[in-house]
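Visitor: Handing you this structure, nothing more for now.
Where a number appears in this text, it was derived from the coordinates with a stated rule and is not lab data. Everything numeric in this text was worked out from a predicted model, so none of it was measured. Backbone-built Cβ (ideal geometry, glycine too); neighbour counts: all protein chains shown.
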């Protein structure tokens with residue numbers, strides 16, 4: 001190897017070594033900074049229990065103008081669909097968010113009657129169902145928790161003889 005090329009290679013190697021070790025020298029001045037957290041490709045679980053919804057529910061409306069949903073839940077469009085038969089829109093909306101399941105159930109139990117839905121029953125457990133009715137349509141809300149999210153699936157269909 002010729003002498004000038006060897007000096008260029010040594011200079012480049014020295015510069016790379018200095019740049020590699022330079023960030024580690026920042027704590028030499030007496031100040032120490034905490035070590036950086038390693039980045040993980042896996043989603044981290046929530047550090048604390050899932051937050052509850054606010055005491056006064058603030059509804060938002062997606063494709064169904066008389067079905068309120070909590071603002072803390074977001075629409076999962078890949079798992080939702082709607083269609084219209086006559087004047088009635090029907091279908092399935094899937095929502096998810098990092099909130100407490102019981103607070104979502106409470107939200108629907110408070111907000112649906114405000115939109116003139118009549119509760120027809122349901123059950124609460126690990127998977128919960130709420131059933132509501134209006135003269136021309138039926139709404140079934142299926143709620144469940146998975147590892148990181150609470151899900152709400154809102155099914156809207158014409159009532160029997162409602163088409």
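Visitor: What Kirkwood radius, in Å to one decimal, follows from the Cα pairs of the range 59-158?
Guide: 13.5 Å
Visitor: Quick one: order 99, 76 by neighbouring beta-carbon count within 10 Å, fewest to most.
Guide: Taking fewest neighbouring Cβ atoms as first place, the list is 76, 99.
Visitor: Taking neighbour Cβ counts within 10 Å as the exposure measure, how do 132, 151 sort from fewest upward?
Guide: 151, 132
Visitor: Would you mind ranking 154, 129 by Cβ crowding within 10 Å, fewest neighbours first?
Guide: Ascending Cβ contact count within 10 Å gives the list 129, 154.
Visitor: Now for a different question. Taking 7 Å along the Cα-to-C-beta vector as the label spot, tell me the residue 74-residue 110 distance in nanometres, rounded to one decimal.
Guide: Taking the two extended label points, one gets 2.4 nm.
Visitor: Another question, then. Report the extension gain between residue 87 and residue 160 in nm, rounded to one decimal, defined as 0.36 nm multiplied by the number of residues separating them, less their alpha carbon distance.
Guide: Full-extension gain reported as 24.7 nm.
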